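A short worksheet on the structure shown next.
Throughout, read-outs are computed from the coordinates displayed, never taken from laboratory work. Keep in mind that what you see is a predicted model, and the values were worked out from it rather than measured. Cβ placement follows ideal geometry from the backbone for every residue including glycine, while neighbour counts extend to all protein chains displayed.
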Amino acid sequence: MMQPYASTAEKLARLGLVSISLLVLLFLIVPVLVIIPLSFNSTSFLTYPMDGFSFRWYEELMSSQEWRQAFKNSFIIAPFATLLAMVFGTMASVGLCRGNFRGKGLVMAFLISPMIVPLVIVAVGLYFFFARLQLLNSYIGLILAHAMLGVPFVVITVNATLQGFNINLSRAAASLGAPPLTVFFKVVLPLIAPGVISGGLFAFATSFDEVVVTLFLASPSQRTLPLQMFSGIRENISPNIAAVATIMVILSVLMLLTLEVLRRRNEKLKIQQP
């Protein structure tokens, strides 16, 4: 909020900052929003101006066996990969926050390395590793690979939540005779749940959007939605791509809204903690 005693230069600086922020926001969001109207175009061309309004491309998605299979594969792989990432990431975060050992920073760096290492390198490594385990062209291999990519997001969000956790609550529960598992599920987990769910949402988005690793590990019958879109763009740019992109944008907006709700809940929990 602008102070009433601000000088003219300060007001102009603030106006310039707001203007630049709005321009950056438009630069980031306009390319995403442009695709939404094109998904309702009545013709087969992704051009403006639109010739008419139609739901034909959404109807084709529902009637196409390839797209239905891609939706099915994505909604099989992403939820299971997210669940595994949440479990492993939460366990790793709790161990790192409570543990005090040499090489702790190295372990943390190792856990978040899938976020840093180029995906092509990760995909090639997983390809040769899973080939020895005979997990190529299988749902198990894809779920494990996507879970590995999602673990760093869970580790980071849960670790950030645990930084503000009052350890005295766990000690009080333990002093009353609660075993470690009871302390975790009854005391720790409810308080760090916003961080766990936030990390899970990031892991779900990562899995749902993954192309490179899936390209190396999946069989033709296991194409996920992004991989099917990538194949469609290579062969022929169809408004079907715009329809799928619109659906993915809506899912992303819903996840962002959920993250905002969880962030506010986490702030309230921090305030309520003694």
For region 209-233, which positions are among the polar types (S, T, N, Q) and outside any helix (DSSP H, G or I)? SER219, THR224
With within 13 Å of the chain's Cα centre (by Cα) and either touching a residue at least 60 places away in the same chain (Cβ under 8 Å) or assigned to a loop (DSSP other than H, G, I, E, B) (or both) as the only criterion, which of ILE192, ILE197 stands out? ILE197
Return the only residue of LEU162, LEU149, LEU136 being in contact (Cβ under 8 Å) with a residue 40 or more places away in the chain, of a type in the set (A, V, I, L, M, F, W, C) and part of a loop (DSSP other than H, G, I, E, B). LEU136
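Rundown of residues vs (1) surrounded by 15 or more Cβ atoms within 10 Å (Cβ to Cβ); (2) among the hydrophobic types (A, V, I, L, M, F, W, C), yes/no style:
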| position | (1), (2) |
| --- | --- |
| PHE88 | yes, yes |
| ALA109 | no, yes |
| PRO118 | no, no |
| VAL122 | yes, yes |
| GLY125 | no, no |
